[in-house]
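Encoded as structure tokens, the structure appears first; notes follow it.
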Amino acid sequence: MDHLDRRILAALQKNNRLSFAELADLIGSSPASCMRRVNKLRSAGVIVADISLVDPKALGKSLTVVVTVELDRERLDLVDDFKRAMRAAQEVSQCYMVTGNADFVLIVAVEDVEAFDVFIKTKLYTNPNVRKFQSMITLDRVKFEPRLPV
């Protein structure tokens, strides 16, 4: 990946709806070159998705909770079971396996405290491998920008 690829990625992370002509003007290249490079970045798995970021509040999900989860046993099959369960949980927008005191960090978006209570009762308390969890209700979203420095 060279400097031009990095400029393309930086531009697309800000606005992935640019035409190849607009992208070319922005980064100082030709539309054909931009198209080839973007297609190559997609096929190489550098660009993994073209998505729209949606404000959770616009969908009625006014409560965001950060949850740390500690598993009871760290057998591979049990860890995989937990990962599958979190992928399937509609309330979980992000799930990270981490090092340190917790095994996982979840970002949970729900309508209100009652909906969060339902989530923990149905997804965490019922999981026999969840040893403990801690939740932190967010007060203010300071940054909502999943861009990477390129």
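The values are calculated or read from the model by the stated rules, or taken from the named source; none is laboratory data. The structure presented is a predicted model; accordingly, all values stated were derived computationally and were not measured. Cβ placement follows ideal geometry from the backbone for every residue including glycine, while neighbour counts extend to all protein chains displayed. Just so you know, the surface numbers come from the protein's heavy atoms only, side chains and all, with ligands and any DNA or RNA stripped out. Shrake-Rupley method; radii C 1.70, N 1.55, O 1.52, S 1.80 Å.
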- Give segment 31-61 a look and list any residue that's part of a loop (DSSP other than H, G, I, E, B), surrounded by fewer than 13 Cβ atoms within 10 Å (Cβ to Cβ) and either modelled with pLDDT of 95 or more or not β-branched (Val, Ile, Thr) (or both), or say none. ALA44, GLY45, ALA49, ASP50, SER52, LEU53, ASP55, GLY60
- Task: Collect the residues in segment 75-116 that are of a type in the set (D, E, K, R), open to solvent by less than 90 Å² (accessible area, probe 1.4 Å) and within 27 Å of LEU53 (Cβ to Cβ), keeping them in residue-number order.
- Result: LYS83, GLU91, GLU111, ASP112
- Query: If you take the residues in segment 109-150 that are assigned to a strand (DSSP E or B) and in contact with a helix residue (DSSP H, G or I) (Cβ under 6 Å, 6 or more places away or on another chain), which one is farthest from GLU70 (Cα to Cα)?
  - Reply: VAL110
- Query: Under 6 Å by Cβ, and 6 or more places apart or on different chains, what pairs join a residue from segment 80-100 that is touching a residue at least 40 places away in the same chain (Cβ under 8 Å) and over 18 Å from ALA115 (Cβ atoms) with one that is assigned to a loop (DSSP other than H, G, I, E, B) and among the acidic types (Asp, Glu)?
  - Reply: none
- Query: In this structure, is LEU71 among the aliphatic types (A, V, I, L, M), touching a Phe, Trp or Tyr at 6+ places or on another chain (Cβ under 7 Å) and modelled with pLDDT of 95 or more?
  - Reply: yes
- Message: Can you pull out every residue in segment 8-21 that is surrounded by 14 or more Cβ atoms within 10 Å (Cβ to Cβ) and free of Cβ contacts under 8 Å to residues at least 24 places away in the same chain?
- Response: ALA11, LEU18, PHE20
- Could you list all residues from segment 1-30 that are of a type in the set (A, V, I, L, M, F, W, C), within 20 Å of ARG147 (Cβ to Cβ) and in a helix (DSSP H, G or I)? LEU4, ILE8, LEU9, ALA10, ALA11, LEU12, LEU23, LEU26, ILE27
